[in-house]
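Chemist: Take a look at the following structure, please.
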Ligand code: PEP
Ligand code: MN
């Protein structure tokens, strides 16, 4: 192995290599079964109670458990509006409670953790913060479940090194998420990254940690999402993440890669068919 060697597996990645792959989310959670295909869906950012209600209803109607939405948003340029912060966290908590859903939401800074941990179920570490080791250690110490996104330029070794930091500091429920890597060509002016499906078997030969694929950020183009969704489901990944919104074109961030609730329901039909053929259960 060029990327990860035997020494790494024994010494640097010992927790990644031996982790049982548990994803138990507090009182609300369930123990992830190797045949589960988890679908995490929701808007890029929480915008209003109305928006989150529509999303949550769609998830419930489809018997899904995991809702995503950011209250703190990383942005490429400083001119984008900031996330709703505490107001957004409250909306996420209310909706998750009302619809019996598990919430996944990003924190970007150590200072956000004490507040956010009271409102959300799963901490998301965004791609840009994958190697923010102080952040990883502080999140690990909360012992909350974590979704760790891969930086677009990170090797498998760097990605799993970040996972090792979380596990070392106490995280016991960890899901890895590939969200597109830097590549010379991306086939569309709006596509900044390419979905690296190869990472699924590459992780699976080293670790039992669940790995999911983000089909939205990895392509950035709405029309590409059905194809990536089908591929993600068939890839052997443990799940996928997708951005959905009642009015995708009005979404305050990532409007080009967000699908409508109707489109999402159609995608799910396809996901369920493929999952069934592979003896997987969509959760
Ligand atoms: C997100 O999931 O909202 C996000 C910002 O993703 P990433 O960190 O992968 O860019
Ligand atoms: Mn987004």
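Computed from the coordinates by the stated procedures, all read-outs in this text should not be read as laboratory data. This structure is a prediction, so every number in the text was calculated from the model and none was measured. Glycine also receives a Cβ, built like all others from the backbone with ideal geometry; neighbour counts cover every protein chain displayed.
Chemist: Using just the helices of the chain, give the 222 nm mean residue ellipticity in deg cm²/dmol: DSSP H runs with n ≥ 4 each add -39,500 (n - 2.57), and the total is spread over all residues, rounded to 500.
Modeler: -10000 deg cm²/dmol
Chemist: I've got another one for you. Determine the shape class of the chain: with a ≥ b ≥ c the square roots of the Cα gyration tensor eigenvalues, call it rounded for a/c under 1.5, and otherwise prolate if a/b is greater than b/c, oblate otherwise.
Modeler: Verdict is rounded for the chain.
Chemist: Could you give the C-alpha radius of gyration of region 1-98 expressed as a fraction of 2.2 N^0.38 Å, taking N as the number of residues it contains?
Modeler: Relative to the 2.2 N^0.38 Å estimate, region 1-98 comes out at 1.46.
Chemist: Most exposed first by the Cβ proxy, i.e. fewest other Cβ within 10 Å, how do 8, 31 rank?
Modeler: By the 10 Å Cβ count, ascending: 31, 8.
Chemist: Let me ask something else. What whole-number distance in Å separates the alpha-carbon centres of region 2-20 and region 71-98?
Modeler: After rounding, the separation between the Cα centres reads 35 Å.
Chemist: Extending each Cα 7 Å along its Cβ direction at residue 79 and residue 110, get the distance between those two points in nm, one decimal.
Modeler: 3.3 nm
Chemist: Between residue 5 and residue 97, what is 0.36 nm times their sequence separation minus the Cα-Cα distance? Round to one decimal in nm.
Modeler: Full extension from residue 5 to residue 97 adds 28.7 nm.
Chemist: How big is Rg to Rh over region 194-283, alpha-carbon atoms, Rh as the Kirkwood inverse-mean-distance radius?
Modeler: Value, to two decimals: 0.99.
Chemist: Can you give the direction-averaged projected area of the convex hull of the alpha-carbon atoms in region 150-259, in nm²? Walk me through the numbers before you get to the answer.
Modeler: Values: hull surface 30.3 nm².
Convex hull of Cα atoms, orientation-averaged projection: 7.6 nm².
Chemist: OK, next. Neighbouring Cβ atoms within 10 Å as the yardstick, rank 38, 241 fewest first. Each step should come with its number before you reach the end.
Modeler: Numbers: 38 22, 241 27.
Lowest count first: 38, 241.
Chemist: Follow-up. Enter the Cα centre distance for the pair region 186-206 and region 247-267, rounded to the nearest angstrom.
Modeler: Taking the Cα centre of each part, region 186-206 and region 247-267 sit 21 Å apart.
Chemist: Give me the percent relative contact order of the chain, please, defined on Cα pairs under 8 angstrom at least 6 residues apart.
Modeler: Normalised by residue count, the contact order of the chain is 22 percent.
Chemist: For 133, 119, what's the fewest-to-most ordering of other Cβ within 10 Å of each Cβ?
Modeler: 133, 119
Chemist: Which percent, to the nearest 5, of DSSP beta bridges fully inside the chain are antiparallel?
Modeler: The answer is about 5 percent antiparallel.
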